[in-house]
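Shown next, in structure tokens, is the structure this report addresses.
Throughout, read-outs are computed from the coordinates displayed, never taken from laboratory work. These figures come from a predicted structure and were not determined experimentally. Every residue, glycine as well, gets a Cβ built from its backbone with ideal geometry; the counts of neighbours run over all protein chains shown.
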């Protein structure tokens, strides 16, 4: 295995971890990170596999975005989460991005259970990533208010962390399998 073959995995893991850090600090995934990672994934795969690689990246991006778009459209998360999963799809492709989504979704469920267990009163459960609002128009103002409030901030889930967990899992499970079972 050449060092060059490890580069895409390293880039997507580092990009996802950088996104997780940014999302944890400010509940935002910067466009220069998400869109840069998406463009780099498309460029890498196109350079490596020509039109087939571009198709692989675009399909992965569309699948990644499509998985989170309904939640975003209902106000359940920010656009940065959608763009980050699309960027991961540009690097990994359609099938692996499904695995990333599965791990992230399970992580969001577990995180929600922890939030609910720590509450003293019964209230509706938090949505993955940010907040659920009836109107997208109010979303930026409501998000800014919730991020600024220490008590409301406790109910927010930075979904970028869970995407990074999913990406790392996509690389860790095959490695562990290889180390344990392949001779």
Next item on the list: Please list 101-113, 58-70 highest first by mean number of surrounding beta-carbon atoms within 10 Å per residue.
Entry: 58-70, 101-113
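Rounded to the nearest 0.05, what FRET efficiency is calculated for residue 25 and residue 54 with R0 set to 41 Å and r the Cβ-Cβ distance?
Values: r = 34 Å, r/R0 = 0.82.
Plugging the Cβ-Cβ distance into 1/(1 + (r/R0)^6) gives 0.75.
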Checklist line | For the range 166-183 and the range 1-69, distance of Cα centres in Å | finding: 20 Å
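Shape of the range 1-98 from its Cα gyration tensor (a ≥ b ≥ c, root eigenvalues): rounded if a/c is under 1.5, otherwise prolate when a/b > b/c, or oblate?
Working: a/c = 2.40, a/b = 1.44, b/c = 1.66.
It is oblate, given that a/c is not under 1.5 and a/b is not larger than b/c.
Starting from 0.36 nm per residue, how many nanometres of slack lie between residue 106 and residue 66 once their C-alpha separation is accounted for?
Values: separation 40, 0.36 × 40 = 14.40 nm, distance 1.77 nm.
Length gained, residue 106 through residue 66: 12.6 nm.
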Check: For labels at residue 18 and residue 6 in the simple 7 Å Cα→Cβ model, what's the distance in nm?
Finding: 2.0 nm
Checklist line | Exposure proxy ranking, count of Cβ atoms within 10 Å, fewest first, for 44, 91 | finding: 44, 91
Check: Hey, with R₀ at 25 Å, roughly what FRET efficiency would residue 180 and residue 79 work out to, going by the Cβ-Cβ distance, to 0.05?
Finding: 0.05
